[in-house]
Amino acid sequence: MAAFEPPALEEYTVTPPVHPGVMAHSRPYVAKPEHQAQLGFPGALVDNWEEVAVKKLGEQVSQSRALQVFLDACVKCGACTDKCHYYLGTGDPKNMPVARQDLLRSVYRRYYTFAGKYFPWLVGARAMTKDVLNEWYAYFHQCSQCRRCSVFCPYGIDTAEISMAARDIMDAVGLGQKYSNEIIGKVLKIGNNLGLPEPALRDTLDGLEEDVKEETGADVKFPLDVKGAEVLVITPSADFFAEPHVDGLIGYAKVFHAAGISWTLSSHASEAANFSMFIGDHKNLRRVALRIREAALDLGVKRIVVGECGHAWRVAYSFWNTLIGPFDFLDPDYPAPQHICEVTYDLMQRGALKLDRSANDDKIVTFHDSCNVARASRMGDTPGGQFTIPRAIIRASVNKFHDMAPETIQENTFCCGGGGGLLTDDLVELRVKGALPRMQALKQVVEEYGVNHIAAICAICKSQFTKVLPYYKFPMDMIGGVHGLVSKAIRLGAVNQ
Amino acid sequence: MSAVTVGYALLFYAASTVFALGVARKIYIYARTPQPLKIPTTPAPVTRLGVAGRMLREVTLFESLFKSNKWTWLFGWVFHFALLLVLLRHLRYFTEPVWGWVVLIQPFGVYAGFAMVAGLAGLWARRVLVDRVRYISNPSDHLMLALLAGIAASGLGLKFATHTDIVALKAFVLGLMYFEWQPLPADPLLLAHLTLVATLMIVFPVSKLLHAPGVFFSPTRNQADNPREHRHVAGWSAELESPVGRS
């Protein structure tokens with residue numbers, strides 16, 4: 001790992017001039033043959049990889065209207081060029097969304113379009129060579145698939161779709177990314193990203209019960225594999241013991257306890273995350289998701305609730321019904337699936353929760369909209385519920401709340417810098433630099449309002465902030481979950497008043 | 001019948017055929033290719049009607065571009081709507097008698113010619129002067145601007161500098177439409193204008209001009225945000241075997 005300087009925080013975000021190649025060295029570790037094998041990919045680069053890659057690309061485009069349109073429609077207007085946090089943080093022009101798309105579009109043009117076949121020099125078409133593959137590996141692992149570019153593109157071109165397709169092609173030729181592929185293997189084999197087996201999970205949950213009993217005096221349960229429970233909670237496995245994630249899980253448990261709703265976790269499906277989305281792998285996307293359907297049926301639950309996790313909520317909200325639905329075996333009175341914030345918000349509306357804001361008076365809070373929740377999903381009945389519902393919960397749990405600058409929140413939110421399968425130590429330089437625009441906006445509310453706490457609803461955001469905050473001279477424990485705040489504020493009956 | 005007339009008549013039949021078949025083929029491909037997953041960029045409308053509204057704003061106001069960059073939006077919007085007016089103004093060559101509203105917009109169409117050039121100049125300036133946009137530009141991007149600027153400039157030239165016999169020109173155009181060829185005035189500027197227009201029609205289906213039909217098929221813009229309410233399946237997601245369990 002080369003040493004690097006974290007970027008300085010300025011008074012406002014500056015669009016850097018282009019510095020070609022400054023991030024060309026940023027490449028994650030390559031998946032080993034055993035990681036590849038678990039997912040059904042070749043263990044090493046196959047002999048005729050150019051042919052396989054070009055064929056795979058053609059298949060993908062023929063199966064995706066999005067790719068058909070996105071690869072044709074770009075007019076190189078430049079609207080997206082200053083929108084990606086990795087460009088803003090590094091100045092490497094291949095981190096401009098259009099340039100990242102062009103890494104793949106150039107190959108598509110060469111093999112599948114009239115102009116690219118006969119006039120390659122005119123339209124920037126390129127043959128699939130080793131150099132191109134190397135560029136793909138570097139720069140398609142510098143996209144967190146946050147979709148910020150797609151908000152600003154006049155044709156809605158979503159670079160996430162293109163980086164997913166490129167990663168899928170790289171997997172198909174035997175060049176996978178270790179971090180994502182190893183993790184997907186663990187989910188398939190054990191049931192969660194951490195590889196936490198059932199006895200360890202049960203121990204952890206028992207420990208949490210004791211901790212909460214000590215803290216509140218209440219018998220808040222953390223049930224596992226309870227048949228006949230009303231709600232199955234599917235949450236990122238980081239919630240089981242990572243800090244600050246676990247405070248969120250405690251928050252969910254307290255909410256269910258206060259509302260008298262029976263719930264359970266599942267050891268078969270002890271993971272909300274589904275990294276198969278990051279690598280554009282539909283087969284494993286479904287395989288991982290199917291465990292959740294199996295668990296719900298096996299436990300006989302009536303509702304499925306998803307914990308605080310950005311991409312998991314995208315997969316659950318946008319893809320589950322397609323991949324593992326229909327959910328006709330669940331209670332039709334509730335959305336399937338439901339976000340934990342929707343559950344808490346509904347209970348708040350019905351007066352079923354007692355929240356004491358003053359319990360969080362040590363905190364001046366801001367909210368970081370996680371990209372997949374903001375731009376790839378919804379909460380509640382109306383568009384934008386994914387922005388208003390978490391904020392309403394925070395405002396009910398704390399007295400002091402301040403949003404960051406409007407151009408950096410809600411649909412304009414900046415990625416934490418660690419999403420999309422990049423939350424790995426071999427990409428730490430990229431992660432730190434990619435966090436720059438978010439850190440810039442944070443600095444402003446820290447200086448203006450004395451903000452000392454960031455709430456987020458994504459396990460990746462929480463881990464990423466914990467890692468990068470110190471690089472920008474902020475305390476690493478500034479980050480927490482929305483349900484961490486709820487957990488502090490909630491009053492559990494007579495004992496805890 | 002002069003060689004010029006025959007040549008341009010054949011050129012325009014060829015260009016029209018390439019344009020119509022090429023664009024129709026692309027639209028057919030876009031329409032027929034499934035979109036297996038729901039991927040609207042949210043917040044998105046939750047109903048089809050809402051989606052129609054979003055699309056209408058996108059193609060008339062360039063809503064997303066407006067959010068992105070005010071200069072690109074200004075130049076782009078001015079260019080496109082000037083082009084629209086100019087195209088409508090040209091309907092007078094294709095209709096006899098000329099429709100009333102086409103007569104009404106004639107003077108605006110002239111101003112639009114200048115606005116078109118101004119918009120193109122702005123877009124071209126950005127392509128050269130802004131380092132990020134310069135970096136992403138291919139030769140074809142400059143050529144496309146040159147082609148459009150050439151069409152606008154030669155058109156304005158015909159209006160303000162060297163007039164051509166527009167009555168004869170109209171007879172030529174109507175003659176093409178009714179397959180009763182009439183002579184084409186052989187003024188060099190007119191021939192240049194027509195050649196550039198025919199070139200534009202021919203490259204349209206194999207170039208980035210496909211953004212025009214493409215935007216209507218863009219899933220991030222044309223899908224309703226209702227995946228929990230309506231089970232969406234298409235393409236490979238429709239071919240998945242039913243999952244285990246009651247249903």
Original post:
Counting only residues that are at pLDDT below 95 and within 12 Å of another protein chain (Cβ to nearest Cβ), how many does segment B:125-164 have?
Top reply: 0
**OP:** Specify the residue that is farthest from the other protein chains (Cβ to nearest Cβ); the eligible residues are those in segment B:31-73 that are within 19 Å of residue B:234 (Cβ to Cβ) and among the charged types (D, E, K, R).
**Re:** B:48
Original post:
Do the conditions hold for residue A:190, that is, is it β-branched (Val, Ile, Thr) and under 30 Å from residue A:130 (Cα atoms)?
Top reply: no
Subject >> Residue among A:37, A:24 that alone is outside the structural domain of residue A:96 (by TED's automatic domain parsing), outside any loop (DSSP other than H, G, I, E, B) and surrounded by fewer than 21 Cβ atoms within 10 Å (Cβ to Cβ) >> reply: A:37
Original post:
Pick from segment A:10-39 the residues that are away from chain B (no Cβ under 14 Å) and under 16 Å from residue A:429 (Cα atoms): which of them is nearest to the chain's Cα centre (by Cα)?
Top reply: A:28
**OP:** Could you identify the single residue in A:71, A:57 that is outside any loop (DSSP other than H, G, I, E, B) and within 14 Å of another protein chain (Cβ to nearest Cβ)?
**Re:** A:71
Original post:
Restricting attention to segment A:92-110, does a residue exist that is of a type in the set (A, V, I, L, M, F, W, C), buried (at least 20 other Cβ atoms within 10 Å of the Cβ) and over 30 Å from residue A:439 (Cα atoms)?
Top reply: yes
Subject >> Hey, residue A:285 touching a Phe, Trp or Tyr at 6+ places or on another chain (Cβ under 9 Å), surrounded by 21 or more Cβ atoms within 10 Å (Cβ to Cβ) and within 13 Å of another protein chain (Cβ to nearest Cβ) or not >> reply: yes
Original post:
How many residues does segment B:9-43 contain that are among the small types (Gly, Ala, Ser) and in contact with a Pro (Cβ under 6 Å, 6 or more places away or on another chain)?
Top reply: 1
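Let's see how each residue does on (1) farther than 25 Å from residue A:35 by Cα; (2) of a type in the set (Gly, Ala, Ser); (3) in contact with a Pro (Cβ under 7 Å, 6 or more places away or on another chain); (4) touching a residue at least 60 places away in the same chain (Cβ under 8 Å):
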residue: A:251; (1), (2), (3), (4): yes, yes, no, yes
residue: A:296; (1), (2), (3), (4): yes, yes, no, yes
residue: A:321; (1), (2), (3), (4): yes, no, yes, no
residue: A:327; (1), (2), (3), (4): yes, no, no, no
residue: A:343; (1), (2), (3), (4): yes, no, no, yes
residue: A:353; (1), (2), (3), (4): yes, no, no, yes
**OP:** For residues that are of a type in the set (D, E, K, R) and part of a loop (DSSP other than H, G, I, E, B), scanning just segment A:215-253, find the one that is surrounded by the fewest Cβ atoms within 10 Å (Cβ to Cβ).
**Re:** A:227
Original post:
Would you say residue A:213 is more than 18 Å from the chain's Cα centre (by Cα) and either of a type in the set (Val, Ile, Thr) or more than 24 Å from residue A:299 (Cα to Cα) (or both)?
Top reply: yes
Subject >> Extreme residue, nearest to residue B:63 (Cα to Cα), among residues of segment B:226-247 that are surrounded by fewer than 20 Cβ atoms within 10 Å (Cβ to Cβ) and of a type in the set (D, E, K, R) >> reply: B:229
Subject >> Leading residue by the ranking (farthest from the chain's Cα centre (by Cα)) among those in segment B:231-240 that are in contact (Cβ under 8 Å) with a residue 12 or more places away in the chain and more than 8 Å from chain A (Cβ to nearest Cβ) >> reply: B:238
**OP:** Using the structure shown, decide if residue A:171 is among the charged types (D, E, K, R) and either within 14 Å of chain B (Cβ to nearest Cβ) or surrounded by fewer than 20 Cβ atoms within 10 Å (Cβ to Cβ) (or both).
**Re:** no
**OP:** Return yes or no: is residue A:52 hydrophobic (A, V, I, L, M, F, W, C), in contact (Cβ under 8 Å) with a residue 40 or more places away in the chain and within 21 Å of residue A:166 (Cβ to Cβ)?
**Re:** yes
Original post:
What is the one condition in (1) surrounded by fewer than 20 Cβ atoms within 10 Å (Cβ to Cβ); (2) in contact with a Pro (Cβ under 8 Å, 6 or more places away or on another chain); (3) under 24 Å from residue A:377 (Cα atoms); (4) of a type in the set (Lys, Arg) that residue B:57 does not satisfy?
Top reply: (2)
**OP:** Tell me which residues, restricted to segment B:1-57, are of a type in the set (Lys, Arg) and in contact with a Lys or Arg (Cβ under 7 Å, 6 or more places away or on another chain).
**Re:** B:54
Subject >> Selection within segment A:438-472 - closer than 25 Å to residue A:27 by Cα, surrounded by fewer than 24 Cβ atoms within 10 Å (Cβ to Cβ) and not polar (S, T, N, Q) >> reply: A:467, A:469, A:470, A:471, A:472
Original post:
Does residue B:228 meet the test of being in a helix (DSSP H, G or I), within 12 Å of chain A (Cβ to nearest Cβ) and of a type in the set (Lys, Arg)?
Top reply: no
Subject >> Matching residues in segment A:90-122 - criterion: being of a type in the set (A, V, I, L, M, F, W, C) and part of a helix (DSSP H, G or I) >> reply: A:98, A:99, A:103, A:104, A:107, A:114, A:115, A:121, A:122
**OP:** Only residues that are of a type in the set (Ser, Thr, Tyr) and within 10 Å of chain B (Cβ to nearest Cβ): list them for segment A:343-384, please.
**Re:** A:377, A:382
Original post:
If you take just the helices (runs of 4 or more DSSP H) that sit entirely in segment A:402-497, which of them hold at least 1 residues that are polar (S, T, N, Q)?
Top reply: A:436-449, A:459-468, A:482-489
Subject >> Residues located in segment A:385-403, provided they are surrounded by fewer than 23 Cβ atoms within 10 Å (Cβ to Cβ), touching a Ser or Thr at 6+ places or on another chain (Cβ under 8 Å) and within 14 Å of another protein chain (Cβ to nearest Cβ) >> reply: none
**OP:** For segment A:123-135, enumerate the residues that are surrounded by fewer than 23 Cβ atoms within 10 Å (Cβ to Cβ), in contact with a helix residue (DSSP H, G or I) (Cβ under 8 Å, 6 or more places away or on another chain) and part of a helix (DSSP H, G or I).
**Re:** A:132, A:133, A:135
Subject >> Criterion (surrounded by 22 or more Cβ atoms within 10 Å (Cβ to Cβ) and under 23 Å from residue A:485 (Cα atoms)) met by exactly one of A:275, A:256 >> reply: A:256
Subject >> Of all residues in segment A:184-210 being surrounded by fewer than 16 Cβ atoms within 10 Å (Cβ to Cβ) and among the small types (Gly, Ala, Ser), the one that is nearest to residue A:244 (Cα to Cα) >> reply: A:207
Subject >> Residues located in segment B:214-225, provided they are assigned to a helix (DSSP H, G or I) and either modelled with pLDDT under 95 or surrounded by 20 or more Cβ atoms within 10 Å (Cβ to Cβ) (or both) >> reply: B:214, B:215, B:217, B:219, B:220, B:221, B:222
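The values are calculated or read from the model by the stated rules, or taken from the named source; none is laboratory data. Keep in mind the model is a prediction, meaning the values are calculated, not measured. With ideal geometry, Cβ positions are generated from the backbone for all residues, glycine too; neighbour counts draw on all protein chains shown.
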